[in-house]
Structures are given as structure tokens and as C-alpha cells.
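A quick write-up on the structure given underneath.
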Amino acid sequence: MSVHRLARKLMATRAVEESFFELSHVYFAGKRRVNVPISPTLSLHRAPVQTIAIAGGKGGVGKSNVAVNLAAALGSGDHEVLLVDGDLDLGNIDQLLNLRPDNSLCDVFAGICTLDDVVLQGPRGVSVIPSASGVMEMAHLSHIEYAGLIGLFSELPTDADTLIIDVATGLSESVLSFCRAVREVVIVVVDEPTALHDAFSTIRVLHQRCHVHRFRIVANKTESSRHGLDLYGALADLTERHLDVLLDYCGSVPLDAQLKQAVRQRRSVVEAFPRSPAALAFRKLAARVARWPQPQAPCGHIEFFIERLIDVADGTR
Ligand SMILES: Nc1ncnc2c1ncn2[C@@H]1O[C@H](COP(=O)(O)OP(=O)(O)O)[C@@H](O)[C@H]1O
Ligand SMILES: [Mg+2]
């Protein structure tokens, strides 16, 4: 089945379509009750899920490593994390964690398996949804098809309290769709003029096209904490001159040979070298992330695990 036919099949459930229209209707135009069809497989009283995208624009800045290690650091605490490879055509989370997926998101789109069949066990406390790699068909989905995919997460039987999605390099539709569907967008930046510029362009586009107002900044591959702060300062200067957005500096991850060694071993540095400077930085980042406000109510457009937020909003009305 082609992805287009699958999208139509997904839309045929009407959950995505109806939730989109109902929510935009209700939350932009008043406080009428939302009537989103809920799958019978869903538990009605599950807690909301914190949802975080790891973005940054440029390739090679460390997005995937930040996603993997932030997930591992949260999972080694008392969190349950769902780590999603959002780079649908060139994903590499499975490589970074030495996973051997039998199925991929591509198979979900082809109707061969369900999202649940794709989930693999990663480091402690982390479940992983790997992506397809080198599958051209997955490279050009429409925003409706991404909405269908995001909607499928609501049917996933998971105890995760946090979803982390590693988004692709660049500003493709997948990056926009996934960043629009989360509560927190982390921008990873390194000290290179092109990376700084790409981070700024990513912030500009996500702000203007996806209405993201707050960005969490992580400086990667730094030589010192001062270096990270300076890098953040440069990005903040550039951003403040052009955009009305909120930047929150979340600290730096040092350039660390042990992280590279962990990559070669296909493990997170948090697990492989827990006392390394990079692992320490990721645990500090995780402690900070754990303090971010939890989503309490639907935000008014398609987002991951939307039904849980509707349940909460219904329960408090
Ligand atoms: N803090 C770090 N210290 C050392 N090497 C790093 C660090 N962060 C990332 N790298 C290396 O940089 C390269 C790109 O990282 P990756 O996470 O794949 O970037 P992206 O997902 O942004 O393309 C990898 O070889 C990785 O090992
Ligand atoms: Mg990557």
C-alpha cells in the first residue's frame, strides 16, 4: 500500500481529521467540549506525556547523540522515555544503540505492522521507535501524512512519561510537523558560523511557520562552560535582533573523546562511560528537563498523545 493510500486509511479513522478541526474550533473559538473519537484500546486516565523535539538545522551538530543520551539519562533516573527517530529517511538511532529492528515506520505506513510492533527496548527506561533508513518513499510525506503518524501514537500502549524525537537535519516538512507536535523544542548548536546561522534559521522558521515561541538551547562539543555560554550569547544576540522569541540556555555538552568511543561501541555515553564529562553533562541536562512544566491541556492543534491531554482537560472542567 502506498503512503498516500495509508494516509487516506488513517484519515478514514477520522480521529486525526476530527481532532484537528474540533480542537482548532474549540480552543481558538471558545471553550466548547472537545469531541475527539478515542480508540477503544486507549486507557482514559493515562497521565500526560512531556514531548520534546531535538532539532538544530545543521547535520553533525550532535542532535542524535543529544536525543539518545538525554533519553538514557532520564531513563536511568525514574523516567520512562519513548525515543523516536524522526529522521524518517536517514534515521540512525538504531545504529547508535545497536538495535536490529525487524520493522520500521515505513512498514507501519505500508500497513504491514502497527506502531507497537516497531517498539524496541533501548537503554534502561528507554523504548525506541527506530526509523527506516534509505527509504525514499518516506522522504516526502505531506503534513496530513505526518498528522496521521502523530495521531497513531495515541494508540500506543506505553507507560512513557516523556517522548523525545530526534528530528532530521534541515527544514523539511517532517521537521516542521514534528516540532509543531511537541511542547518543547531543543536546539543543538556548535561553535561554527554555519551551525549558528542554521540554528538561527531553524528558530526563525519554527517561530514563523509553527508558532513555536520558546526554544531550549544546548551548546554541544564545547571546550569549557564559558565557551558554551559565549556560543549561547552569540545565538541570543542574533535572535534578539530579528525575532520575538524566548531562548532558554540549558547548558553545554563538552567535546568528549569518550562520547565518540561510545558511538563506536554503539552505546549511549551515559551507559558506556557514566563518569565521562559528556555523561555528566547529559545527567545535568536531564535534571533540568525533568523540571520543565508538564503539559496540562491540549494546545489547539495536532500534537503527540493529545487524547491524554483532552482527558485531563475534561477531568478538570
Ligand atoms: N559532545 C560530543 N563530543 C564528541 N563528539 C561528538 C559530540 N557530540 C556529537 N559528536 C560526534 O559528532 C558526530 C555527529 O553527531 P550526530 O549526533 O550524528 O549529529 P546530527 O544528528 O546532528 O547529525 C558524531 O560522529 C558524534 O560522535
Ligand atoms: Mg542525526
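Note that the stretch 282-297 has calculated 3J(HN,Hα) couplings of 5, 5, 5, 4, 4, 4, 5, 4, 4, 8, 5, x, 7, x, 10, 8 Hz, one per residue in order, obtained from phi through the Karplus relation 6.51 cos²θ - 1.76 cosθ + 1.60 (θ = phi - 60°); glycine and proline are x. Applying the Kirkwood pairwise sum to the alpha-carbon positions of the stretch 88-189 produces a hydrodynamic radius of 14.3 angstrom.
The three principal axes of the C-alpha atoms in the stretch 223-300 carry coordinate ranges of 41, 34, 19 Å, sorted with the longest axis first. Cross-link partners of Lys284 among aspartates and glutamates, defined as those whose alpha carbon lies under 16 angstrom from its own and excluding same-chain residues fewer than eight positions apart: Asp78, Asp248, Asp256, Glu271. Extension gain, Tyr249 to Arg266: 0.36 nm times the residue separation minus the Cα-Cα distance gives 3.3 nm. The GluC sites (Glu not before Pro) of the stretch 212-306 meeting both criteria, a DSSP state outside H, G, I, E and B (loop) and at most 16 other C-beta atoms within 10 angstrom of the site's C-beta, are Glu223. Take every DSSP beta bridge whose two residues both sit in the stretch 109-249; close to 20 percent of them are antiparallel.
No value in this document is a laboratory result; all are computed from the given coordinates. This is a predicted model, so every value here is computed, not measured. Glycine gets a Cβ as well: all are built from the backbone with ideal geometry, and neighbour counts include every protein chain shown.
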